[in-house]
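What follows is a set of notes on a single structure, which appears directly below.
The values are calculated or read from the model by the stated rules, or taken from the named source; none is laboratory data. Everything numeric in this text was worked out from a predicted model, so none of it was measured. Please note: Cβ atoms are built from the backbone with ideal geometry, for glycine as well, and neighbour counts cover all protein chains shown. With ligands, DNA and RNA removed, areas are computed over all heavy atoms of the protein, side chains included. Shrake-Rupley method; radii C 1.70, N 1.55, O 1.52, S 1.80 Å.
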Amino acid sequence: MTSHLPALIVLTPLVAALVVPVLAILARVLVRPVAVLSLAASLAASLASLQRVLAEGPWSYHFGGWAPPWGIEYVIDPLSGGMAVLVSFFALLAAFYAPAYLGVLAQLREGALGSLFLLLVAGLLGVVVTGDVFNLFVFLEISSLAVYALVAAGGNRATVAAFRYMLIGTVGASFYLLGIGYLYAATGTLNMADLAARLPAALETRVAAVGLALIAAGLGVKVALFPLHGWLPDAYSTAPAPVVAFAAAVQTKVAAYAFFRIFYFVVGPGGPVEPLLRLVGLAAAAGIVAGSLLALAQRDFWRMLAYSSVAQLGYVVLGLSLGTRLGLYGALLHILNHALMKGCLFMVAGAVRWRTGRQDIAALTGMARKMPLSMGALFVAAVSMIGLPPTGGFFSKWYLVLGSLEAGAWGYVVVIIVSSLLSAAYFFRVIEQVYLRRAPAPESEAGRKPEEEAGREPEAKAGREQEAGREQEAGREQEPEAATAARRRPWELPWPMLVPILLLGAGVVVAGLSSGFIIREVIQFAVPVEPF
Amino acid sequence: MRAAGLVLLVLVGALFFYSSAELPPTGDPGSPPATHVSPRYIEAAYKETGTINLVTAVLADYRGYDTLGETVVIFTAGIAAILILAGLAERREEP
Amino acid sequence: MSSLSEFIIQSLAGGLRPLLAVGVSLAAAGGILLLGRRPNLRDALLLAAAAVKFALVASMVPDVLAGRVVETAPLLLTPTLALHLRADALGLAFAALSSALWVVTAVYSITYMRTLEYGHQTGYHAAFAVCLGATMGIAFAGNLLTFFVFYELLTVATYPLVVHRRTPEAVAAGRKYLVYTLGAGQVLLVAVLWTQHLAPGGGFTAGGFLGGAAGAVAGAPGDPAAGAAASLPALRVLFTLFVVGLGAKAAIMPLHGWLPTAMIAPTPVSALLHAVAVVKAGVFGILRVTGYVFGPEAVAGIDPGQVLAWVASLTMILASLRALAEDNLKRRLAYSTVGQLSYVVLGAALGAPAAFAGAVFHITAHALMKITLFFCAGAIYAATHKENVSEFDGLGRSMPVTVGAFGLGALGITGMPFIAGFVSKWTLGTGAAAAGRPGFIVPLLLSGVLSLGYLLPVVYRAYFGRAAGDGPDGDGRPEEGGLREAPAGLVVPLVLTALAAVALGLLPDLGLNLYELAATAARSVFGGGFGLAGGGP
Amino acid sequence: MAPDGLIGHLNYWAIALLFLLGLYGMTVLNNLVKKLMSMNIMQVSIIMFYLNLAQKAGGTFPVLLPGELHPEAAAYVNPLPHALMLTAIVVSLATTGVALALLMRIYRRYGTLEENDILRRMAGR
């Protein structure tokens, strides 16, 4: 059994995805347990594989028993093992969160949603563990198709967003496919290890250069690398929260992983690689600045988070493009940290949407009192996005800046710092809404400046919609809000939604404090010994 | 948008024509794809897989896992179409 | 064998103290949040935490004076840098001061918040506790990473205190505060990272670990590899980045804008910000950087070190002038702080052992005097709701104790002998002379005279002024007759701090040996060969 | 005999033109169905690119001739790209299917498939 662990990582969610639609019709109660169990099994398999790999070195699994250049192999090394753990962990969290968020669904929809989610996970895991560039394409497309449909589940606007996402995503996939075609033309092989052995001889040719450029562009679309990010804001601001939380946390990271895998493990230094990486680094830097500026301009909380994702993915790609050891540490650490914090933020945003039906920043007004725990998690995640210690975001920034210094790229240092300040600007705006803006409270300082409070009220009221206005009134009287009381029966949220949020919020800090440990135990083995 | 598209077009086109001269000429028996990996499929497929159709041998056996993925893609598309077409827009998700 | 295990246990317990000193506050913050619905229990917990922390810190003083460094086992945060807490003389001087003042501030702020019926008291006390925990962390930080972690934690934890009133004015002040401190924090981060890039894994070393890089300086302790990597121009830029990064919190003149605005916060916060935590963290950072990262020789060897001394001197004068024009008492005190803290910066920049010791002791001295002044301002506000100096006429008769304490603090600020401020200024002055730059004594004196100009009128008005429009019956009588002091919970702390300021003026080593700690720090930075040039016992 | 020089690369030019045509259609056209069709054209060009790589002068299609159990590699074209492209075709087909489903729903909601009109209706609501 243990010898088939790598296959199990992908196959358990895949099989569950086949079973779930049937179960939805035959035995609905089993749908959720089966989905959760399969993801838990996948997580366990990933963890076990990672543990073994860290102890014994890379592990190759040959499908059908065919040796690699001819057959397809799975390769578990600290990098892919770590990514597999990340993906399956977030899948598990999203699977907990989703049912409570989505509520009671029709039979058909429940089966289809569950199945597609499992397919998305299986596809991403397949991308992570495969050692074959064409197989990577196939699984990338499985995950993409699933996510197009899942985005479309968010309603009519989401359907339009999903269609555009699909067009752009397919262009990306096509570029990637054509790129590996070029590499195939240059080497005659599709296996990553074999490519790594045969490419150096062909690296100076134009064919390899164009192939790599096409791959970079194709994966750039999937990573939402600026200026190829056009699909992301619409898709992420309209899709259902669990989908966005999972996709924002992990899906784009898997594409970044593929980028890392191909440019550092398959290709290696030399030829067109360095200029290409420099170009990608510039695009990432532009994305960091542009994403932060655009996020600052948003009034919709979800779109703000989406644009901030564009910026944060820029961090990851920037680190990958630096080609220095510390830069790569930073990129990989940021894959983890950004997954934690953005997953947390989107889950909180989803919780707010779930309770109020709104997704603009103004909807967060005074939420600190109604959802104190979620807002605490939001605060921690926001601090991490800004990159303040001791949260994870700070430590990824630490390595990214050190890596930039190592590469002598002062411009990138400036970009990272400026982006931190911009993100501070837009996140503290949110924090102000959450914690400081509220109905005039009776506890403002005794006898002092009542006129100011009063003067603020009409303006504050004008901007609010009916429901929120009513809640404001209710909040002032310290009475339970009758309108929403029914929906918050147990606590501020149903526990399946609250627990993942709190877990991620705590994870942001834990990941920060243990970043040295993570680097020493996993990441340092996941980076090529001599990057460049 | 349109202008950006045209710029992209010109860039990609330039890449293609820049590299086309170095791609292996059509039908070149000495090209890497013809000399690496694939000879084994041709020479040993019958012995190893027992089929005379080499494409089938590759598709279903050597790279059978790709084909599993292929069927999963179809399955995904089917489920996706069900989800997209069956569900009327959810009330709550409607902005 | 048993003695060995005892030794291990003892050293473990001893080594844990810096960590505990930080942890007590953070744990207290958590407890305070949990006890939000039981205010009395919550406030008792706050006081208990403050007392425990003070005991912990005070217990380290003998160890450090005996030349031992108390440190915790490092927790690796990055492959080369750890979360490293260790108590040396400089850090302990700062920590002892702030933990002692936390006790009185806790009493004061509990009373103040209750008297004035502020809201959100739970969050307020929790944030306050986090601030103190962060301050401990800054004091005990053993390397730049640890320092930065707690420095930014302090930034974030102070924000809710600044915006505590939730009014648009407070929110705007909070924004301004964040713009300054976060912006400067990022600059500091670049400086920290650059240092880490030049000398990977370097921890604070008395005398500096970048010092060898100054090239011209012979015999300075430092990593030879760092010397190879860092050129002189790079060091100049690096030092400038450090000064800008730390200067915002330290409120050095062009970067001081947030401080008067932040006076919108409740008075105990102002007392904390000015006397204990935020601003002091900035100047403390400058002392750390000059003494323990660059080393005095390197600072003396690069131009920005010289420029810094000039900027500090200018800040002293300009801030004092600005304070003269301010009617709001708290804002006036804020500008006074801007000026006074430049003494510390000047001491750090001068590069003489006595100047350094004076600077370190001035942190203590200024803290005691300024916290007294702010406590008085708060007490006056709590009793009369007056916060402008022009309204203070006749206050001396209704609140004699408060105004008297204010007078003591004010005299201390001006550098009157027998009050703590005199000791630090005298030491600083001798340091300037020893450094061969006696010219810098002039701004010290000038600023003292100016502070006389902006603080004494407060006392004068309170005792001798008569309220405008008081009419015929108002000739110097208290308005409603009799004493109207603030509650004892406000008055006792301010009397205590005023007395402490006087006591340390007479016997600088009383109690916590703060003067000896400052001198020890200066000796360690400048090497054992240097003696204090005077002023010390 | 492999054609040399210009002639040997003409196929690539044609394929490149096809790809660019598809890309052009996707970026410039306004009708969503036309965009989808352009996407398919682009995908077809990639398939042709791979198949072009499979060609071998003097080789026949990759099904063993009767009785030939020990074939020469030179006698058959490369079967691998064909197998890959079967998969790629299926992927393209599946994508098209999902896209058409999306389009059906978009049309049902907005009553048009012109991108400009849809955007206008989304904004106007």
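Summary table below
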item	result
By accessible area with a 1.4 Å probe, ligands and nucleic acids excluded, highest first: order of C:Leu193, C:Leu232	C:Leu232, C:Leu193
FRET efficiency for A:Val22 and A:His62, using Cβ-Cβ distance with R0 set to 25 Å, rounded to 0.05	0.20
Unit charges on C-beta of K, R, D, E only; dipole of the protein assembly as shown, Debye	1900 debye
Mean Cα-pair separation over length for chain A, i.e. relative contact order, pairs under 8 Å, 6 or more apart, %	14 percent
Accessible-area value, C:Arg38, 1.4 Å probe, nucleic acids and ligands omitted, Å²	140 Å²
Interchain or long-range residues, amide H under 5 Å from C:Val70's placed H	C:Ala87
16 Å Cα cut-off, lysine pairs counted over chain C (separation 8 or more, or different chains)	6
Exercise: per-residue mean of other protein chain Cβ atoms within 10 Å, D:65-71	3
Spread of Cα-to-Cα distances over 5 Å intervals beginning at zero, given as percent, for the stretch B:29-95	4, 14, 14, 13, 12, 9, 8, 6, 6, 5, 5, 4, 0
Spin-label model distance (nm) - A:Val414 vs D:Phe61, 7 Å beyond Cα toward Cβ	6.3 nm
Local electrostatic count, C:Thr402, Cβ distance below 13 Å [Lys/Arg +1, Asp/Glu -1]	+2
Ordering of C:172-181, D:58-67, C:386-395 by packing [mean C-beta count within 10 Å, highest first]	C:172-181, C:386-395, D:58-67
Dipole of chain C, positive end: most advanced residue of C:Val458, C:Val162, C:Phe140 [Cβ charges, Cα centre]	C:Val162
Accessible area (Å², 1.4 Å probe, nearest 10) - A:His338	0 Å²
Inter-probe distance in nm under a simple model that places probes 7 Å from Cα toward Cβ, at A:Thr2 and D:Leu17	6.1 nm
Separation between Cα centres of the stretch C:67-108 and the stretch D:51-86, rounded to whole Å	75 Å
Cα-based convex hull volume of chain D per residue, rounded to whole Å³	107 Å³
Local net charge near C:Thr72, Cβ-Cβ under 9 Å (Lys/Arg +1, Asp/Glu -1)	+1
Residue-averaged beta-carbon neighbours from other chains (10 angstrom radius) around B:48-56	6
Helical segments meeting 18 Å axial Cα length and Kyte-Doolittle 0.0 threshold in chain D (DSSP H)	D:5-28, D:32-54, D:79-110
Relative contact order [Cα under 8 Å, 6+ residues apart], chain D, whole percent	24 percent
Qualifying lysines (Cα of each under 27 Å from Cα of B:Lys47; at least 8 residues distant if same chain)	D:Lys56
Per-residue mean of C-beta atoms belonging to partner chains within 10 Å, peptide A:71-79	2
Dipole magnitude of the stretch A:1-131 about its Cα centre (Cβ charges: Lys, Arg +1; Asp, Glu -1), debye to nearest 20	380 debye
Carbon + sulfur, % of accessible area of chain C - ligands and nucleic acids excluded, 1.4 Å	68 percent
Evaluated at q = 0.13 Å⁻¹: base-10 log I(q)/I(0), Debye formula over Cα of chain C	-1.26
Rounded accessible area of B:Val37 (nearest 10 Å², 1.4 Å probe)	10 Å²
Ellipsoid semi-axes in whole angstrom, largest first, where each is sqrt(5λ) of the Cα gyration tensor of chain A	40, 27, 20
Convex hull projection area averaged over all views, the stretch C:302-537, Cα basis, nm²	12.8 nm²
Accessible surface ranking that places the most exposed of D:His70, A:His334 first, with a 1.4 angstrom probe	D:His70, A:His334
For a label point 7 Å along the Cα-to-beta-carbon line of D:Glu114, residues of the stretch A:138-172 with backbone N under 20 Å	A:160-161, A:164
Proportion of all alpha-carbon pairs of the stretch A:1-131 beyond 26 Å (%)	25 percent
Tilt relative to chain A, helix A:192-202 - C-alpha long axis, 0 to 90 degrees, to 10	60 degrees
Positive-end residue, the stretch B:29-95 charge dipole about Cα centroid, Cβ charges, pick of B:Thr35, B:Val73, B:Val55	B:Thr35
Length-normalised contact order of the stretch A:1-131 in % [C-alpha pairs under 8 Å, at least 6 apart]	38 percent
Between the stretch C:310-387 and the stretch A:230-274, the alpha-carbon center distance in angstrom	52 Å
Neighbourhood net charge (12 Å Cβ-Cβ; Lys/Arg +1, Asp/Glu -1) for C:Glu152	+2
The stretch C:422-427 - phi-based ³J(HN,Hα) in whole Hz, Karplus 6.51/-1.76/1.60, Gly and Pro as x	5, 4, 5, 5, 4, 4
Value at 222 nm in deg cm²/dmol, rounded to 500, when DSSP H runs of n ≥ 4 in chain A each add -39,500 (n - 2.57)	-24000 deg cm²/dmol
Computed FRET value (nearest 0.05) for D:Glu72 with A:Ala48, which takes r as the C-beta separation and R₀ as 51 Å	0.65
Residue-by-residue Karplus 3J(HN,Hα) for the stretch C:193-201, coefficients 6.51, -1.76, 1.60, Hz, glycine and proline x	5, 5, 4, 4, 5, 6, 10, x, x
Degrees, to the nearest 10: A:273-296 long Cα axis against longest axis of chain A	10 degrees
Percent of Cα pairs exceeding the 58 Å cut-off, where the set is the protein assembly as shown	26 percent
Buried solvent-accessible surface, both chains (B, D), 1.4 Å probe, Å² to nearest 100	4400 Å²
Heavy-atom accessible area ranking, 1.4 Å probe, most first, across C:Arg461, C:Arg288, C:Arg437	C:Arg461, C:Arg437, C:Arg288
Assigned charges on the beta-carbon of Lys, Arg, Asp, Glu; the stretch C:302-537 dipole about Cα centre (debye)	440 debye
Span from the the stretch C:402-460 Cα centroid across to the the stretch A:90-114 one, whole angstrom	70 Å
Angle between chain C longest axis and helix C:232-250 axis [Cα atoms, degrees, rounded to 10]	30 degrees
Those residues of the stretch D:34-77 whose amide nitrogen sits under 12 Å from the label point placed on D:Ile89, 7 Å along Cα→Cβ	D:44, D:47-48, D:51
Listed residue (A:Leu105, A:Ala17, A:Phe89) projecting farthest to the positive dipole end of the stretch A:1-131, Cβ model	A:Leu105
